[in-house]
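Here's the structure, in structure tokens; my notes come after.
The values are calculated or read from the model by the stated rules, or taken from the named source; none is laboratory data. These figures come from a predicted structure and were not determined experimentally. Cβ placement follows ideal geometry from the backbone for every residue including glycine, while neighbour counts extend to all protein chains displayed. Surface areas here come from the heavy atoms of the whole protein model, side chains and all, with no ligands, DNA or RNA. Shrake-Rupley method; radii C 1.70, N 1.55, O 1.52, S 1.80 Å.
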Amino acid sequence: MVHDVGSIGLLFTFTSALTIALIFGFIAQKIKLSPLTGYLTAGVLVSPYSPGIVADINVTQQFAEIGIILLMFGVGLHFKLSDLLAVKKIAILGAASQIIISTLISAVLVHFLGWSWVSGIIFGISLSVASTVVLTRVLSDNRLLHTATGHAAIGWLIMEDIFTILVLVLMPVFFDKTSSGGNIAVTFFLTLLKLIFLIIFALVIGQKVIPILLRYIAKTGSRELFTLSVLVIALGIAVGAAQLFGASMALGAFLAGMVVGQSDFSARATSEALPISDVFTVLFFVSVGMLFNISSVAASWQLIVITFAVVILVKPVVATLVVLFLKQPMKKAIHIAAALGQIGEFSFVLASVAVSYNLIPQQAYNAIIFVSIVTITFNTLVYRCIEPVLKYLTKKGILKTDYTIDNEIEKLTKDVRHIIIVGYGPVGRTVSNILLKEKINVIVIEMNIDTVREIKKAKTEGLFAVHGDASQREILLSAGIKTAESFVISTPVAPAKDIIEVVKSLNSRIKILINTAYLKQAQNFRKDSDLIVCSGEGSVALALSKIILKSFGNTEVEAELNKIYEELV
């Protein structure tokens with residue numbers, strides 16, 4: 001039985017979409033698939049093309065737009081303008097090459113189906129754009145979002161977004177029958193001017209105004225007002241970017257995030273205001289699934305084959321060649337290529353506008369939707385296989401291990417005794433300071449690029465920093481793992497099991513010390529006799545017990561308590 005959502009409205013759509021997404025996301029997780037697969041399946045089940053519950057696709061897509069805005073705002077929080085400028089060559093050359101080559105190949109392939117060159121070019125442009133949400137999610141799930149690889153991929157995506165904006169603005173000028181066609185140059189120039197004004201407004205004016213506003217709100221002491229102010233800034237600048245500057249809301253949200261990220265409120269904005277974005281991001285994948293009409297697959301099979309070929313072959317190959325051409329590591333090239341091997345929201349927008357101007361047939365739009373669902377589903381699976389394959393090829397000598405070593409660290413690891421500490425939070429910082437006072441050199445591995453910059457800027461004697469994931473061989477090698485005497489995992493949130501496995505494969509003699517949050521975790525790690533494990537939970541309990549017992553006059557309890565603690569952990 002089909003229920004008419006019109007009489008039930010927004011609440012029904014929101015509840016039904018999230019409930020079914022929860023069920024199928026949980027099932028997907030249990031069978032070792034990405035939850036994204038479950039969310040897409042949920043979208044298919046509540047779509048107008050499937051029997052049963054029918055959610056309002058327009059409402060779902062508006063929720064999804066909120067998710068994209070908040071997601072890109074969160075990404076912007078951890079980016080600096082210098083990060084983007086550092087990858088400008090890869091981003092500009094990569095995006096331009098991918099768009100041009102993908103478009104030309106697409107146009108040639110569909111020309112054999114009887115399409116005009118103009119239609120083929122528009123279709124090719126639609127395929128050349130990667131999904132903001134999928135790219136961010138894949139990089140984040142694989143702990144690459146805030147690395148050099150992640151920065152390059154995001155910069156690449158931003159350039160694609162800017163190009164897409166220009167295409168969307170110029171399409172009515174070229175193809176609207178009411179347009180005179182003589183103002184193409186003027187429209188193009190005005191669009192570029194608006195984008196420049198948007199960037200200036202966000203990064204210059206916004207950088208002066210927004211921190212003052214947040215500081216004023218923070219002084220009220222109200223958590224709700226602070227959260228609300230962050231959401232208003234994210235959504236307000238995103239909507240303003242679209243309405244006033246003709247840009248995408250995702251680009252506006254990213255710039256807003258960069259502004260807040262440079263203020264003193266970056267961490268608080270991340271922890272308090274952004275968890276809600278996960279809910280709306282789920283609805284993005286549900287909305288994609290709702291577009292799928294299975295009856296259209298058979299009629300569009302030729303276009304589907306062409307679309308697959310461009311998305312999963314042409315785009316990744318171009319990305320790989322561009323990154324290698326710029327003399328970047330093979331591993332970086334493969335990661336970026338895999339992340340870009342999908343299509344998403346902007347592809348739908350471009351294709352739908354093209355259909356409205358009769359530039360491409362409805363079948364092309366259906367093909368894009370089908371390929372989008374399949375590539376989003378398998379992109380996460382493919383990405384999960386990259387690291388094991390690269391490790392195997394490196395171990396067999398087929399692929400050369402490529403990494404860069406800071407000259408200063410390279411000299412240190414050869415001539416001076418040193419230890420490595422993963423994480424520079426309160427524990428890592430304290431341990432480092434103690435060791436440095438004893439003239440022991442410390443190399444910190446830290447995922448937060450700002451923390452790495454802080455360490456390098458301080459130029460503390462004997463203290464060095466490497467930016468990256470400590471579970472990656474290249475990062476450990478660049479930190480001097482082969483000659484390090486001790487290895488400390490100071491943060492309990494690090495993937496300790498994965499890190500330990502790689503560390504032991506590179507230096508079987510090294511002493512490994514681990515800080516865990518809970519006693520249960522400590523007990524699991526203690527099964528490995530080579531590890532030295534400390535539990536924050538246990539250490540606090542031990543310290544409190546000593547104080548209490550001493551207050552009762554029991555002064556000779558330290559040895560006994562230490563024995564109990566050793567038994568617990």
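Before moving on, here are some points about what is shown:
- On the beta carbon distance between L203 and F325, with R0 = 45 Å, the FRET formula returns roughly 0.90.
- Prolate/oblate/rounded label for the stretch 414-516 (Cα gyration tensor, a/c 1.5): rounded
- Cβ charges +1 (Lys, Arg) and -1 (Asp, Glu), total dipole of the stretch 188-318, debye: 260 debye
- Residue-count net charge about E160 - beta-carbon cut-off 12 Å; Lys, Arg +1, Asp, Glu -1: -1
- Amide proton proximity set for N441, modelled H, under 5 Å, gap of 5+: I419
- Relative contact order for the chain: 15 percent, from Cα pairs under 8 Å spaced at least 6 residues apart, divided by residue count.
- From phi via Karplus (6.51, -1.76, 1.60), per-residue ³J(HN,Hα) for the stretch 193-198 in Hz, x at Gly/Pro: 4, 5, 5, 5, 4, 4
- Percent RCO, i.e. relative contact order, over the stretch 66-177, from Cα pairs under 8 Å lying at least 6 residues apart: 33 percent
- The stretch 1-118 shape via C-alpha gyration tensor axes, a/c threshold 1.5: oblate
- Ranking V59, S131, G43 by Cα position along the charge dipole of the stretch 1-149, where only Lys, Arg, Asp and Glu carry charges on their C-beta atoms, puts S131 farthest toward the positive end.
- Mean Cβ neighbour count within 10 Å, used as a protection proxy, ranking 159-171, 142-154, 429-441 highest first: 142-154, 159-171, 429-441
- V533 long-range amide H proximity, modeled H, under 5 Å: I514
- Whole-Hz ³J(HN,Hα) from phi, Karplus 6.51 cos²θ - 1.76 cosθ + 1.60, for the stretch 247-259, glycine and proline x: 8, 7, 5, 4, 5, x, 5, 4, 5, 4, x, 4, 5
- Gyration tensor (alpha-carbon) shape descriptor, the stretch 53-177, a/c threshold 1.5: oblate
- Taken about its Cα centre, the chain carries a charge dipole of about 1160 debye when Lys and Arg each add +1 at the Cβ and Asp and Glu each add -1 at the Cβ.
- Where the chain is the region considered: accessible area per residue in Å², 1.4 Å probe: 48 Å²
- Distance (nanometres) between label positions extended 7 Å along Cα→Cβ at L225 and R509: 6.2 nm
- Nonpolar atom fraction for the chain, defined as the carbon and sulfur part of the 1.4 Å probe accessible area, stands at 65 percent.
- In degrees, nearest ten, helix 315-325 long axis to first principal axis of the chain (Cα): 60 degrees
- Percent antiparallel among DSSP beta bridges (both partners in the chain, rounded to 5): 0 percent
- Gain upon complete extension [L549, Q62; 0.36 nm per residue less C-alpha separation]: 169.3 nm
- Of (i) 114, 56, 47; (ii) 91, 55, 49; (iii) 90, 64, 56, the label for Cα extents along the principal axes in Å derived from the coordinates: (ii)
- Summing charges over all other residues whose Cβ lies under 13 Å from the Cβ of E345, with Lys and Arg as +1 and Asp and Glu as -1, gives -2.
- Entries in K80/K456; K30/K331; K32/K497; K80/K391; K459/K497 that, when Cα-Cα distance is taken, lie over 22 Å: K30/K331; K80/K391; K459/K497
- Shown is the FRET efficiency for I532 and K439, computed with R0 = 22 Å from the Cβ-Cβ distance and rounded to the nearest 0.05: 0.50.
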